[in-house]
Every structure is written in structure tokens, then in C-alpha cells.
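Note sheet for the following structure.
The values are calculated or read from the model by the stated rules, or taken from the named source; none is laboratory data. This structure is a prediction, so every number in the text was calculated from the model and none was measured. Cβ sites come from the backbone with ideal geometry, for glycine too, and all protein chains shown count toward neighbours. We work out accessible area using only protein heavy atoms, side chains counted, and drop any ligands, DNA or RNA first. Shrake-Rupley method; radii C 1.70, N 1.55, O 1.52, S 1.80 Å.
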Amino acid sequence: MGWAKSIVTRYKQQCSTSDHHQDKELQTRYYKITQDKALTEIEGIFSDKQRYEIKSISREHGEILLEAKKHAITIVVSVVPIRNFENAIDFYVSTDKWRPTGAYPQLKQEVIEAYNRLGKKITAVESSK
């Protein structure tokens, strides 16, 4: 039955991170930074105007909405304060485009690349659970 689940997953049109995600690469990451600075760094990693367009930034809610132009992918980045100088950063990535090879691998790769770029800019910490 595992092969059926992997085929269904491959054709999902959304990918998100969470604390208890079964895929370790898609588990929430925690960073040692203030919420405001985290939002500024996220803006920075998505500042390539050729690839991304920032649609909305809500500093009050700790969210950024953007679009990856090339693949018509919508990305919502949430910065959730845990305690002073510690924030969780989650991604919700989706597309309306159907792909014959499945969209999920590309959506997952977008999340992994974003976490990698963030890791080069700000200090990651262990989960505070």
C-alpha cells in the first residue's frame, strides 16, 4: 500500500510544514531571532524579483504571502513567536497548476530550499517543546 500513498502524495497540489510532520524535512524549524527581524530576513531571501513577487506582508500576524513566478506557486510564510528571541517558521506552499509528473516534489523542494537559505542567514535552535 506504500506505493499507492506515494503516488497520491506526488499529485498533491499543496505542501506544508508542521511540528509533527512525518517527513523530517518538512518539520517546523525554530530560529533564534525576533519576529520582526525574521520577517525582514524572509523578505530578503525572497527578494529576487525575477523569481518571486511579494504580494503581502502582515507584520501584526507574522505572515508573508508571495508568489514564485516561474511555476505559479503561492507561498505563505508564518513566523510564530515562541518566546523572546525564538520563533517558529512554517511554510504553506501550493499551486493551481496540474503537472503530469505531479506538483508535490517541486513544492517540497521550494520549502527545503527556503529553509536552507534561512539557515545561512539566521541561527537555528532546537524545538522548545
Exercise for the section: Under a cut-off of 20 Å between alpha-carbon atoms, report the aspartates and glutamates in cross-link reach of residue 97, not counting same-chain residues fewer than 8 places apart. Expected result: 53, 67, 110
Exercise for the section: Kindly list the residues of the range 80-94 that lie in the label zone of residue 121, defined by a backbone N under 16 Å from the point 7 Å along the Cα-to-C-beta vector. Expected result: 80, 87-92
Fill in the blank from the handout: Over the chain, the sum of -39500 (n - 2.57) across DSSP H runs of at least four, divided by residue number and rounded to 500 deg cm²/dmol, gives at 222 nm -9500 deg cm²/dmol
Problem - Net lengthening on full extension, residue 43/residue 84 (0.36 nm per residue, minus Cα-Cα) - result: 12.7 nm
Problem - DSSP beta bridge pairing in the chain, given as percent antiparallel to the nearest 5 - result: 95
Practice task
Identify all lysines with a Cα-Cα distance to residue 121 below 22 Å; exclude those on the same chain that are fewer than 8 residues away in sequence.
Solution key: 24, 32, 37, 49, 108
Fill in the blank from the handout: For the chain, the accessible surface attributable to carbon and sulfur atoms (probe 1.4 angstrom, ligands and nucleic acids excluded) amounts in percent to 51
Handout entry: Amide N proximity, the range 88-126 versus residue 32 label position 7 Å along Cα-to-Cβ, cut-off under 20 Å
Key = 88-90, 115-126
Practice task
Provide the per residue accessible area, probe 1.4 Å, for the range 36-129, rounded to a whole number of square angstrom.
Solution key: 58
Exercise for the section: Can you bin the range 7-55 into rounded, prolate or oblate? Criterion: square roots of the alpha carbon gyration tensor eigenvalues sorted a ≥ b ≥ c, rounded for a/c under 1.5, prolate for a/b above b/c, oblate for the rest. Expected result: oblate
Exercise for the section: Compute the length gained on full extension between residue 74 and residue 59: take 0.36 nm times their separation in residues and subtract their Cα-Cα distance, giving the result in nm to one decimal. Expected result: 3.5 nm
Practice task
Please say if the range 15-129 is rounded, prolate or oblate, where rounded means a/c under 1.5 for a ≥ b ≥ c the square roots of the C-alpha gyration tensor eigenvalues, and otherwise the choice is prolate for a/b larger than b/c and oblate otherwise?
Solution key: oblate
